[in-house]
Amino acid sequence: DAKTTQPPSMDCAEGRAANLPCNHSTISGNEYVYWYRQIHSQGPQYIIHGLKNNETNEMASLIITEDRKSSTLILPHATLRDTAVYYCIVRPYAGGTSYGKLTFGQGTILTVHP
Amino acid sequence: NAGVTQTPKFRVLKTGQSMTLLCAQDMNHEYMYWYRQDPGMGLRLIHYSVGEGTTAKGEVPDGYNVSRLKKQNFLLGLESAAPSQTSVYFCASTSPLRQGPETQYFGPGTRLLVL
């Protein structure tokens, strides 16, 4: 699976957009970009995923560059409850021999301030 | 619909003792996983299962055994606990889709302290 690089920590003011970057320069054509977050040692929570196109759901938006070598997770209006560790993960879909396994890096600690 | 549950939530063991962690899911998922997370680190895959009766090793399998006798349950065993196995253990489950990816659903974790 492709390796990802994320900044170790970021800060954001409450109500502002939080933009979390991820570099995955060795991504393969069949690999998706996933984002999970972990709030205060709870189990990780799925946020969003994408292949080529930008994606948006009720939690966040995912912007993937045209060459797919980097992406940005956007939390449009960060709240205090968004303080968490955010993991960017790249892997093939589970239908292949990867069997859905996730490889977690150290992620980005996002702190949302009042 | 409880999702993924883990038993127990917290346990203290002495070195050399054995125990079994239970993971249960009610989403009829094919795939199940056990991860461990050490302080300040990301999760690491211990073992996984792609169906009832099948298991496979992950990144850090040594010192652990697993069993998947029923589709909804995935057991993680420590035969002889060591202090290095002090960690938080997370179970997860998912099912493959014919096209495209799927998401993993995680349990709340089991905190294990080995003295």
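Report, ordered by the first and then the second residue, all pairs with beta carbons closer than 7 Å, sequence separation of six or more or different chains, a first member in the range B:101-115 that is surrounded by 18 or more Cβ atoms within 10 Å (Cβ to Cβ), and a second member that is assigned to a loop (DSSP other than H, G, I, E, B) and of a type in the set (Lys, Arg). Cβ pairs passing all conditions: B:Thr110/B:Lys9. Being of a type in the set (Phe, Trp, Tyr), in contact (Cβ under 8 Å) with a residue 40 or more places away in the chain and under 22 Å from A:Pro44 (Cα atoms) is a property that B:Tyr33 has.
From the set of residues in the range A:62-97 that are among the small types (Gly, Ala, Ser) and at the interface with chain B (Cβ under 10 Å from one of its Cβ atoms), which is surrounded by the fewest Cβ atoms within 10 Å (Cβ to Cβ)?
For the range A:62-97, the residue satisfying everything is A:Gly96.
Out of (1) more than 8 Å from every other protein chain (Cβ to nearest Cβ); (2) within 17 Å of A:Pro7 (Cβ to Cβ), what's the single condition that is false for A:Met59? Unmet for A:Met59, out of (1) more than 8 Å from every other protein chain (Cβ to nearest Cβ); (2) within 17 Å of A:Pro7 (Cβ to Cβ): (2). Taking the range A:47-64 as the range and being touching a strand residue (DSSP E or B) at 6+ places or on another chain (Cβ under 7 Å) and assigned to a strand (DSSP E or B) as the test, the residues that pass are A:Ile47, A:Ile48, A:His49, A:Gly50, A:Glu55, A:Ser61, A:Leu62, A:Ile63, A:Ile64.
For the range B:62-92, the set of residues classified as β-branched (Val, Ile, Thr) and touching a Phe, Trp or Tyr at 6+ places or on another chain (Cβ under 8 Å) consists of B:Val66 only.
As a summary of the residue check, B:Leu75 satisfies the conditions (1) touching a Ser or Thr at 6+ places or on another chain (Cβ under 6 Å); (2) modelled with pLDDT under 95; (3) closer than 13 Å to B:Gln25 by Cβ except for the one numbered (2).
Report yes if some residue within the range B:23-32 is assigned to a strand (DSSP E or B), out of contact with any Ser or Thr (no Cβ under 9 Å at 6 or more places or on another chain), hydrophobic (A, V, I, L, M, F, W, C) and surrounded by 13 or more Cβ atoms within 10 Å (Cβ to Cβ); otherwise report no. Explain how you work it out, then say what you get.
Let us first name the residues in the range B:23-32 that are assigned to a strand (DSSP E or B), namely B:23-25, B:31-32.
Add one more test, that the residue is out of contact with any Ser or Thr (no Cβ under 9 Å at 6 or more places or on another chain), and what stays is none.
No, that holds for no residue.
Considering B:Val60, B:Val88, the condition of being within 14 Å of chain A (Cβ to nearest Cβ) and in a loop (DSSP other than H, G, I, E, B) is satisfied by B:Val60 alone. Among the criteria (1) more than 16 Å from B:Val12 (Cα to Cα); (2) more than 7 Å from chain A (Cβ to nearest Cβ); (3) not hydrophobic (A, V, I, L, M, F, W, C), the one B:Thr110 does not fulfil is (1).
Residue count for the range B:68-90 satisfying the condition of being under 16 Å from B:Ser18 (Cα atoms) and over 10 Å from the mean Cα position of the chain (by Cα): 10. The sole residue among A:Arg37, A:Arg16 that is modelled with pLDDT of 95 or more and not in a strand (DSSP E or B) is A:Arg16. Tell me, yes or no, whether the range B:35-44 has at least one residue that is at pLDDT 95 or above, aliphatic (A, V, I, L, M), surrounded by 20 or more Cβ atoms within 10 Å (Cβ to Cβ) and under 12 Å from the mean Cα position of the chain (by Cα). No, the conditions are met nowhere in the range B:35-44. Within the range B:54-83, the set of residues being touching a residue at least 24 places away in the same chain (Cβ under 8 Å) and over 23 Å from A:Gln45 (Cβ atoms) comprises B:Tyr64, B:Val66, B:Arg68, B:Lys71, B:Leu75, B:Gly77, B:Leu78, B:Glu79, B:Ser80, B:Ala81, B:Ala82, B:Pro83.
For first residues located in the range A:98-114 and over 14 Å from B:Cys91 (Cα atoms) and at the interface with chain B (Cβ under 7 Å from one of its Cβ atoms), partners that are at pLDDT below 85 and part of a loop (DSSP other than H, G, I, E, B) and lie 6+ apart or on another chain with Cβ distances below 9 Å form the pairs A:Tyr99/B:Pro96; A:Gln106/B:Gly40.
The values are calculated or read from the model by the stated rules, or taken from the named source; none is laboratory data. Keep in mind that what you see is a predicted model, and the values were worked out from it rather than measured. Because the Cβ atoms are built from the backbone with ideal geometry, glycine has one as well, and the counts that use them run over all protein chains shown.
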